[in-house]
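Below is one structure; the comments refer to it alone.
The values are calculated or read from the model by the stated rules, or taken from the named source; none is laboratory data. In this text the structure is predicted, and so the values were computed from the model without any measurement. Cβ atoms come from the backbone with ideal geometry, glycine included; neighbour counts cover every protein chain shown. To get the accessible areas, we keep the full protein, side chains included, count just its heavy atoms, and leave off ligands, DNA and RNA. Shrake-Rupley method; radii C 1.70, N 1.55, O 1.52, S 1.80 Å.
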Amino acid sequence: AQSVTQPDIHITVSEGASLELRCNYSYGATPYLFWYVQSPGQGLQLLLKYFSGDTLVQGIKGFEAEFKRSQSSFNLRKPSVHWSDAAEYFCAVGGDKLIFGTGTRLQVFP
Amino acid sequence: DTGVSQNPRHKITKRGQNVTFRCDPISEHNRLYWYRQTLGQGPEFLTYFQNEAQLEKSRLLSDRFSAERPKGSFSTLEIQRTEQGDSAMYLCASSQGLAGVDTQYFGPGTRLTVL
């Protein structure tokens, strides 16, 4: 069955610290992978996507993610977190029908 | 490019009433998608359109749910005889509809509360 697992429901980091949000997927074909961010009262904003090619992809707001086929993972990273990064982060896989994980809520302390 | 818009942003209704939500996609986007997001969960795919053709509707939650995109532009999602379990955020997304996979851009959502 196709699925996405985000093992961390809630993560708290200090401003300026590095961040890694985990995402594991199960998908029968070549996966198309996405990370979206959702702030309160806002829609989902695309951070980055992987379709093919270089397995390290750069996104907006200083985020990057690395596709590791052997581990079925697509973890999101940022070297230095800003207070404005506090939000809910969703990993998704698929084509026409996106399958989302349950999300990771990021809290940033000053 | 004004982004995907959804109306209303909030809807409160009584159980048993019908509700209709509207989604206006990014102009010139051929594909339009509907998702539902309940508290603490990620969005769940419901249905999508390529222009005016509804390509997938098996994921609509019950026969009380229906969606239309009559002229290939805006779309409506209707829920008949609402139930408390229908309370959720309903998200719309659009994409260019290029061959293969393209990127879905989401609207702000319509939050439905069924009393």
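Of the conditions (1) at pLDDT below 95; (2) away from every other protein chain (no Cβ under 12 Å), A:R22 satisfies every one except a single condition; which number is it?
So the condition that A:R22 fails would be (1).
Against the condition touching a helix residue (DSSP H, G or I) at 6+ places or on another chain (Cβ under 6 Å) and open to solvent by less than 40 Å² (accessible area, probe 1.4 Å), how does B:I26 come out, does it pass? Give the derivation first.
On the way: touching a helix residue (DSSP H, G or I) at 6+ places or on another chain (Cβ under 6 Å): no; open to solvent by less than 40 Å² (accessible area, probe 1.4 Å): yes.
The answer is no for B:I26.
List the strands (runs of 3 or more DSSP E) that sit entirely inside the range B:36-115 and contain at least 2 residues that are polar (S, T, N, Q) and at pLDDT 95 or above. Break it down into steps so the answer makes sense when it comes.
Numbers: elements: B:44-50, B:53-56, B:65-68, B:75-79, B:88-95, B:110-114.
So the answer is B:75-79, B:110-114.
So which residues in the range B:59-68 are open to solvent by less than 90 Å² (accessible area, probe 1.4 Å) and out of contact with any Ser or Thr (no Cβ under 6 Å at 6 or more places or on another chain), if there are any at all?
Restricting attention to the range B:59-68, the residues satisfying the condition of being open to solvent by less than 90 Å² (accessible area, probe 1.4 Å) are B:60-62, B:64-67.
B:L61, B:S62, B:R64, B:F65, B:S66, listed by residue number.
I'd like to verify a number: residues in the range A:39-77 that are open to solvent by 30 Å² or more (accessible area, probe 1.4 Å), under 18 Å from B:G3 (Cα atoms) and in contact with a strand residue (DSSP E or B) (Cβ under 7 Å, 6 or more places away or on another chain), how many?
4
Kindly indicate which of A:T104, A:T12, A:T55 is touching a His at 6+ places or on another chain (Cβ under 8 Å) and either among the hydroxyl-bearing types (S, T, Y) or at positive phi (or both).
On the way: A:T12 fails: touching a His at 6+ places or on another chain (Cβ under 8 Å); A:T55 fails: touching a His at 6+ places or on another chain (Cβ under 8 Å).
That would be A:T104, the only listed residue that is touching a His at 6+ places or on another chain (Cβ under 8 Å) and either among the hydroxyl-bearing types (S, T, Y) or at positive phi (or both).
So in the range B:69-115, with the set limited to residues that are away from chain A (no Cβ under 14 Å) and among the β-branched types (V, I, T), which one is surrounded by the most Cβ atoms within 10 Å (Cβ to Cβ)?
Residue satisfying both the conditions and the ranking: B:I79.
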